[in-house]
C-alpha cells in the first residue's frame, strides 16, 4: 500500500500476472474449461464413442438428462432416488453422531487436570490423516464374516451378521420386530418411482459399516475444531459457572455449548458437505452393493459414466451433487463471516475447511488448530 | 497456516496457570470424575488405535490364521504377505513396488510444485497491486468450494481432449496448483509486515528476489503446513488417478490397493496381503504426521511461554 507509485505499480502488475500465471493456467485448463465441457456433455447422450463435441454419434438432448432423473420411470431414476435415500439416512446418522462424539472428546480432552493430552489428541486425529482407501480396506477385514468385529461379538455370544452382503434396512428390521409386515398396504404409494416402504428402509446393515467408518475417520478433525473453539472461551465464564455451583453437565449444556455455537454450526455444515462427497469408501467397499444400498449420488455419477457409459446422465448427476455441495458451502461461509465466530477459531477453521472441501478424507490443516492446547 | 499467529489470544486463554494450580485440591476431591474421563478417553483410544494394531498383526499372518484368529498377535509369524509385496522368493503376484514407485514420483513432483507455485500465487495475491487481483482472489475462494467428486467427468474429458489420457502428465499436471494452498499462503503473507520488504526494495531487489530471499525464509511455518497438506493430499489421492489412467503400470499405492481390495486382481480374500499393502500406504503419511505433530507442539509451546 505504501508503494502506490505509478512506476512501481506498472512493474508490479507485470510481476503480479507472472507470479499468478501458473495458477491461472492450471486452474483454467484443468478446472474451468473442463467444468464447461462437462456441462455441455450433461446435455448430450454421449456414450464414450467418438468425440462428445460435435461427434457424429452424439446428439444434443437439452435438459433431458436432468429432468429424466426426476420424472422418467426407469432404472436410472430408481437408482438415483435410492442413492438420495441412502444419503439421507447416512446424513441422519453420521452428522449427529460425529458432532456429538467430537464435542464430547474435545470437552474431555480440554480438561485442565488431564495428562497425556497430546497422546489422546494424536490418537483420535490419526485416522483422519490416513488414506481413505487404506482405511476402508482395514474395515473390510474388521467386518468380514470371520473378522475382528464378528470375532468380538462371538466372545459376547452374539452371532454377527454378514455385514457386506446384508441389504436389509435397519428401519425395516425395527418395523418387522414390532409386527409390521413387509410392504404393508399403507406404504405402497409411489414417490419418485419408489414405494414409501422402500423409502422407509433406513440404512442397510452394509451401509452401517460405512457410517461407522465415516464417524471413525472424521471425529478427530472435528474434535480439533471444537478444541480450538473451547480454548477461545474466556476463563471468567468458566469460573463464574463454577462459583454458581452448577454441575459439570449443566455447565456443558448451559454455558459451554451455547458459547461455542458457531463452531457447532460449522461442524454440522462441514459434516453435511462431507457426506455428499463420499466416494473412495464406496468404491472399495462394494461399489454400491448389496442391492444398491450403499450407492451414493457421487458414486452413481461415476458408475453411470465410467461403467454404464452414459456420460450425459452421469454428468447431470455430478452437477446436481455439485449444486448441493456449493449451496451448503455458501451456507457455511455465511456462518463463518458472522462476527460471532472469534478470529482465532475462524482462522483455524479456514484452513481446515479448505482442506476438508478438497478431499474425501476430512484432512484439516494439521498445524492450524492441531497446534496444541497446552 | 497460522500456528504462529494465535499466540496472543491463545496465551490469553491459557494464562491462568496459577489458577489451575489453585484449584487442584478441589479436583483431587472429585477423583471419580477424573477416573471417568480417563476411562472414556482410553476406551476411545482403543477404538481408534486397535484397528491399526489388527492391521499390522494381520499382515504377519497367513490367510487361514487371519480368518481364524483376527484379534490377536500373529502366532506363528508368517512373512508370506510381505515377501509377496516386495517380490522376494518366487515372483511377486502383485506389483506393489511399481505402485510404490508411482506414488513416490507423483507425490514428490506434486508437493514440490505446489509449495512453489502456491506460494508464488499467494504472494502476488497478498502483496502486489495489479488490476484483477481482487477478481483472482475471489476466483480462488470460489474454486475452493468446488467438490472433487463433481470433477471426475470434467477431468476425464479434458485429459482425453488434450490427448494425455493414461499418462503421467494426466496424473500430475492437474494437481500442480491447488486453490486451498494458494489461500493458505496468501493468508500467511498477509500477516507479514510490509515494512520488511521495503528495505530490500530500496536496495533495488526485484519482486522475485524479494519473494525468494526475503519472504520465503520467513515463511517456514506456512511452508511446512503446505508441504504436509500437499504430500498427504497427493499421496492419498484416489479418484483423480482413477479417471485419468487405465493401464496397470500407472497404478499408485492407493489405486493399486483399491483394485486389489475390490477383487480385480485375482482370487481369495488375501487379507494379510491387503493389510500389508494398506499399511505400506499408511506409513509415509503416518511418519510425516508424527514427526510434525511434535514440531507443531513445540512451536506453539514456545509462543505460549513467551506471551
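Here residue B:288 meets each of (1) under 14 Å from the mean Cα position of the chain (by Cα); (2) at pLDDT 90 or above; (3) surrounded by fewer than 20 Cβ atoms within 10 Å (Cβ to Cβ) with one exception, condition (2).
Residues in the stretch A:210-252 that are under 15 Å from the mean Cα position of the chain (by Cα) and within 13 Å of chain B (Cβ to nearest Cβ): A:212, A:213, A:215, A:216, A:217, A:218, A:219, A:220, A:221. Residues that are free of Cβ contacts under 8 Å to residues at least 24 places away in the same chain and within 17 Å of the chain's Cα centre (by Cα) within the stretch A:96-127 comprise A:96, A:100, listed in sequence order. Is it the case, given these coordinates, that residue A:79 is in a helix (DSSP H, G or I), surrounded by fewer than 16 Cβ atoms within 10 Å (Cβ to Cβ) and more than 9 Å from chain B (Cβ to nearest Cβ)? Considered against the rule, which asks whether it is in a helix (DSSP H, G or I), surrounded by fewer than 16 Cβ atoms within 10 Å (Cβ to Cβ) and more than 9 Å from chain B (Cβ to nearest Cβ), residue A:79 comes out as no. In the stretch A:112-127, which residues are within 9 Å of chain B (Cβ to nearest Cβ) and either touching a helix residue (DSSP H, G or I) at 6+ places or on another chain (Cβ under 6 Å) or assigned to a helix (DSSP H, G or I) (or both)? Answer for the stretch A:112-127, where residues must be within 9 Å of chain B (Cβ to nearest Cβ) and either touching a helix residue (DSSP H, G or I) at 6+ places or on another chain (Cβ under 6 Å) or assigned to a helix (DSSP H, G or I) (or both): A:112, A:113, A:118, A:119, A:120, A:121, A:122, A:123, A:124, A:125, A:126, A:127. Remark: residue A:137 matches the filter, which requires a residue to be within 18 Å of residue A:208 (Cα to Cα) and buried (at least 19 other Cβ atoms within 10 Å of the Cβ).
Count, please, the residues in the stretch B:252-285 that happen to be assigned to a helix (DSSP H, G or I), more than 7 Å from chain A (Cβ to nearest Cβ) and either under 17 Å from residue B:66 (Cβ atoms) or modelled with pLDDT of 90 or more (or both). Working first, answer last.
Filtering the stretch B:252-285 down to residues assigned to a helix (DSSP H, G or I) leaves B:253-261, B:271-285.
Filter once more, keeping what is more than 7 Å from chain A (Cβ to nearest Cβ): B:253, B:255-256, B:259-260, B:272-273, B:276-277, B:279-280, B:283-284.
Next cut, either under 17 Å from residue B:66 (Cβ atoms) or modelled with pLDDT of 90 or more (or both) only: B:253, B:255-256, B:260, B:272-273, B:276-277, B:279-280, B:283-284.
Number satisfying all stated conditions: 12.
The residues in the stretch A:128-153 that are more than 10 Å from chain B (Cβ to nearest Cβ) and free of Cβ contacts under 8 Å to residues at least 24 places away in the same chain can be counted, and the count is 1. Of the residues making up the stretch A:128-151, those that are over 30 Å from residue B:287 (Cα atoms) and part of a helix (DSSP H, G or I) are A:150, A:151. Residue-level check: of (1) at pLDDT below 90; (2) surrounded by 20 or more Cβ atoms within 10 Å (Cβ to Cβ); (3) within 27 Å of residue A:18 (Cα to Cα), residue B:158 misses just (1).
For the stretch A:280-374, the helices (runs of 4 or more DSSP H) that sit wholly inside it and include 1 or more residues that are facing chain B (nearest Cβ under 7 Å), at pLDDT below 50 and under 30 Å from residue A:164 (Cβ atoms) are A:343-358. It is to be established whether one or more residues within the stretch A:42-59 are surrounded by 13 or more Cβ atoms within 10 Å (Cβ to Cβ), under 21 Å from residue A:306 (Cα atoms) and within 28 Å of the chain's Cα centre (by Cα). Yes; the residues of the stretch A:42-59 include at least one that is surrounded by 13 or more Cβ atoms within 10 Å (Cβ to Cβ), under 21 Å from residue A:306 (Cα atoms) and within 28 Å of the chain's Cα centre (by Cα).
Checking each residue in the stretch B:172-205 for being at the interface with chain A (Cβ under 8 Å from one of its Cβ atoms) and assigned to a loop (DSSP other than H, G, I, E, B) picks out B:176, B:177, B:178, B:194.
Regarding residue B:186, is this residue farther than 30 Å from residue A:116 by Cβ, in contact (Cβ under 8 Å) with a residue 40 or more places away in the chain and surrounded by 22 or more Cβ atoms within 10 Å (Cβ to Cβ)?
Details: farther than 30 Å from residue A:116 by Cβ: yes; in contact (Cβ under 8 Å) with a residue 40 or more places away in the chain: yes; surrounded by 22 or more Cβ atoms within 10 Å (Cβ to Cβ): yes.
Against the criterion (farther than 30 Å from residue A:116 by Cβ, in contact (Cβ under 8 Å) with a residue 40 or more places away in the chain and surrounded by 22 or more Cβ atoms within 10 Å (Cβ to Cβ)), residue B:186 qualifies.
The values are calculated or read from the model by the stated rules, or taken from the named source; none is laboratory data. Source: prediction; values computed, not measured. FYI the Cβ positions are ideal-geometry reconstructions off the backbone, even for glycines, and counts take in every protein chain you see.
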